[in-house]
Amino acid sequence: MLKFTFLGHACFSMETEGGETLLFDPFITGNPQASVSAEELSANYILISHAHMDHLGDAYDIAARNDAVIISSSEIAVAAQERGADAHGLHIGGSHRFPFGTVKLTLALHGSGIPGGHACGFLVGCDGKTVYFAGDTGLFGDMRLIGELHRPDLALLPIGDNYTMGPDDAVVATRFLKARQVIPYHYNTWPLIEVDPLLFKEKVEQQTEADCIILQPGESYTL
Ligand code: NI
Ligand code: MN
């Protein structure tokens, strides 16, 4: 079992059966949706999709306080190491087995937020489940490949438009990914990315095989 808690914007925690906690894109301080303070968060691993501040967020502070390992693309991992953090760099297409499971870096069509870098997404294999966290991205056709090769049990997808996929493209993404379940994020944090998640849920459930779970900040879902 994997317990996901939505912490607002693009931040999720994932607790494993083995008692390890992974944090994705921990932007908490300054996040209008945040349901906790950064000081309350603990983690063993922090996965960073790219270095825009609404994703890198409090990663360095949380990592330092918890002796957590930052997992990201090489450029961001090196920047984290230069700040004294323990970090593991991978790059797109590469995977690595960690004590909790495997992480594979995927393509994301988005800015990296760091010179020379790439934005990425993550495929996490853990406790017999496959989870896809898309990061910030537009729709891309190779999501079909992820669907064919990995068929995620759960896809976490941005739907807020303007900076990432909007809801209609995220419905197509859900179909390409052959995801069994989808949880949307990166919406309604600010007026520029206001969308109706219930409309997204309706379209997902009409047009794809997936169930859509909408989490309010602070709410959890167990996979
Ligand atoms: Ni971004
Ligand atoms: Mn973002």
Query raised in the report: Tell me, what does the Kirkwood hydrodynamic radius of the range 13-166 come to in angstroms if you use every pair of distinct C-alpha atoms?
Result: 15.5 Å
Requested in this report: Only Cα pairs under 8 Å and at least 6 apart count here; give the relative contact order of the range 3-215 as a rounded whole percent.
Outcome: 13 percent
Query raised in the report: For the range 1-49, with equal point scatterers placed on the C-alpha atoms only and solvent neglected, what are the log10 I(q)/I(0) values from the Debye formula at q = 0.27, 0.30 1/Å, to two decimals?
Result: -1.03, -1.21
Report task. Using only Cα atoms, locate the centre of the range 153-191 and the centre of the range 77-118, then give the distance between them in Å, rounded to an integer. Result -> 22 Å
Query - Distance histogram in 5 Å bins (all Cα pairs of the range 1-98, percent per bin) - result: 3, 14, 26, 26, 20, 9, 2, 0
Query - For the range 96-152, convex hull volume per residue from C-alpha positions, Å³ - result: 88 Å³
Query raised in the report: Heavy-atom accessible area of residue 118 with all protein chains present, probe 1.4 Å, nearest 10 Å²?
Result: 100 Å²
Query raised in the report: Which distance in nm do the two modelled labels at residue 78 and residue 36 give, with both placed 7 Å along the Cα-to-Cβ direction?
Result: 3.3 nm
Report task. Compute the length gained on full extension between residue 220 and residue 96: take 0.36 nm times their separation in residues and subtract their Cα-Cα distance, giving the result in nm to one decimal. Result -> 41.9 nm
Report task. Divide by every residue of the chain the summed helix terms, -39500 (n - 2.57) for each DSSP H run of at least 4, and state the resulting mean residue ellipticity at 222 nm, rounded to the nearest 500 deg cm²/dmol. Result -> -6500 deg cm²/dmol
Report task. Heavy atoms only, probe 1.4 angstrom, no DNA, RNA or ligands counted: give me 97, 180 ranked by accessible area, highest first. Result -> 97, 180
Report task. Return one number: the angle in degrees, 0 to 90 and rounded to the nearest 10, between the long axis of the Cα atoms of helix 197-207 and the longest principal axis of the Cα atoms of the chain. Result -> 60 degrees
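The values are calculated or read from the model by the stated rules, or taken from the named source; none is laboratory data. Note that the structure is a prediction, hence the values are computed from the model and not measured. With ideal geometry, Cβ positions are generated from the backbone for all residues, glycine too; neighbour counts draw on all protein chains shown. These area figures cover heavy atoms from the full protein model, side chains too; ligands, DNA and RNA do not enter into them. Shrake-Rupley method; radii C 1.70, N 1.55, O 1.52, S 1.80 Å.
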